Each structure stands twice: as C-alpha cells, then as structure tokens.
Amino acid sequence: MKKRSAGVSLDEVFAPAEKDPRWKAANERADIEIRLSIQISQAREKAGMTQSQLAKAIGTTQSVVSRIEGADQNLTLGTLSKIASALHRKLDIRLR
C-alpha cells in the first residue's frame with residue numbers, strides 16, 4: 001500500500017470544481033487578489049517549492065508568502081515580478 005502525504009494539493013482541491021461552469025463564473029467574478037493568490041499557490045506547488053523556499057527566493061519570510069497566498073497581503077508590481085521570476089513564470093498584466 002502506497003503511503004500518502006498528509007497534505008492535499010491545490011490541484012486535487014480545484015480540479016473537480018474547475019469543470020463546473022458555475023465555479024468558472026464565480027471565479028471570474030472573484031476579486032483579482034483572490035484569483036492571483038490561487039494562481040501563485042498553484043504555480044508554487046507546480047514548481048515543487050514550499051512557501052519557505054519561495055520566500056527565500058524573493059527575499060521575504062514564509063509568513064508573508066502565506067499571507068500572499070491567502071489574499072491577505074497587498075502586492076506591489078515589484079513583488080509580483082520577483083514571484084514570477086522565482087517560479088520561472090512570465091508576469092502578464094493587462095487592462096481590459
């Protein structure tokens with residue numbers, strides 16, 4: 001029997017909901033901060049990084065990354081740029 005880790009990945013949490021059109025509509029209406037915090041969390045997990053590792057890479061603390069991922073931290077463009085770079089992602093900001 002394969003031993004399972006104690007945590008559940010965000011992909012496991014969101015995968016079923018992302019197929020539901022009601023979830024997609026609600027997600028589009030959600031504040032940008034919430035959508036961005038989810039994107040950062042998912043990108044960090046896909047990169048195989050812990051919050052502490054990301055924090056070290058961007059020059060901050062794990063508690064700040066936790067607040068960012070909880071949509072409880074105001075982000076500057078500079079911080080977003082550091083996060084994108086640390087996660088090997090491209091930052092794309094648009095006004096529509």
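The values are calculated or read from the model by the stated rules, or taken from the named source; none is laboratory data. Nothing here was measured: the structure is a model prediction, and the numbers come from that model. FYI the Cβ positions are ideal-geometry reconstructions off the backbone, even for glycines, and counts take in every protein chain you see. Only protein heavy atoms, including side chains, enter the accessible area calculation; ligands, DNA and RNA are left aside. Shrake-Rupley method; radii C 1.70, N 1.55, O 1.52, S 1.80 Å.
With the condition kept exactly as written, say whether any residue in the range 13-32 is on the phi > 0 side of the Ramachandran plot and either of a type in the set (Ser, Thr, Tyr) or assigned to a loop (DSSP other than H, G, I, E, B) (or both). No.
Conditions (1) more than 18 Å from LEU75 (Cβ to Cβ); (2) modelled with pLDDT under 95; (3) open to solvent by less than 40 Å² (accessible area, probe 1.4 Å); (4) in contact with a Ser or Thr (Cβ under 9 Å, 6 or more places away or on another chain), marked per residue:
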{"residue": "VAL8", "(1), (2), (3), (4)": "yes, yes, no, no"}
{"residue": "ASP11", "(1), (2), (3), (4)": "yes, yes, no, no"}
{"residue": "PRO16", "(1), (2), (3), (4)": "yes, yes, no, no"}
{"residue": "TRP23", "(1), (2), (3), (4)": "yes, yes, no, no"}
{"residue": "ALA26", "(1), (2), (3), (4)": "yes, yes, no, no"}
{"residue": "GLU33", "(1), (2), (3), (4)": "no, yes, no, no"}
{"residue": "ILE40", "(1), (2), (3), (4)": "no, no, yes, no"}
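Can you find a residue that is open to solvent by 100 Å² or more (accessible area, probe 1.4 Å), at positive phi and either at pLDDT 95 or above or among the charged types (D, E, K, R) (or both) anywhere in the range 58-67?
Initial filter on the range 58-67 (open to solvent by 100 Å² or more (accessible area, probe 1.4 Å)): none.
No, the range 58-67 has no match at all.
Taking first residues from the range 35-53 that are closer than 14 Å to ARG89 by Cα and partners that are open to solvent by 60 Å² or more (accessible area, probe 1.4 Å), the Cβ contacts under 6 Å between residues at least 6 apart in sequence or on separate chains come to ALA43/ARG89.
The number of residues in the range 48-96 being touching a helix residue (DSSP H, G or I) at 6+ places or on another chain (Cβ under 6 Å), assigned to a helix (DSSP H, G or I) and farther than 22 Å from SER9 by Cα comes to 2.
Output yes when any residue across the range 63-74 is touching a residue at least 40 places away in the same chain (Cβ under 8 Å), closer than 30 Å to ARG96 by Cα and not charged (D, E, K, R), and no when none is. Let's see the steps before the verdict.
As a first pass, look at the range 63-74 and keep what is touching a residue at least 40 places away in the same chain (Cβ under 8 Å): 71.
Adding the requirement that they be closer than 30 Å to ARG96 by Cα leaves 71.
When the remaining residues are screened for being not charged (D, E, K, R), the result is 71.
Within the range 63-74 (the criterion being touching a residue at least 40 places away in the same chain (Cβ under 8 Å), closer than 30 Å to ARG96 by Cα and not charged (D, E, K, R)), the answer is yes, since at least one residue qualifies.
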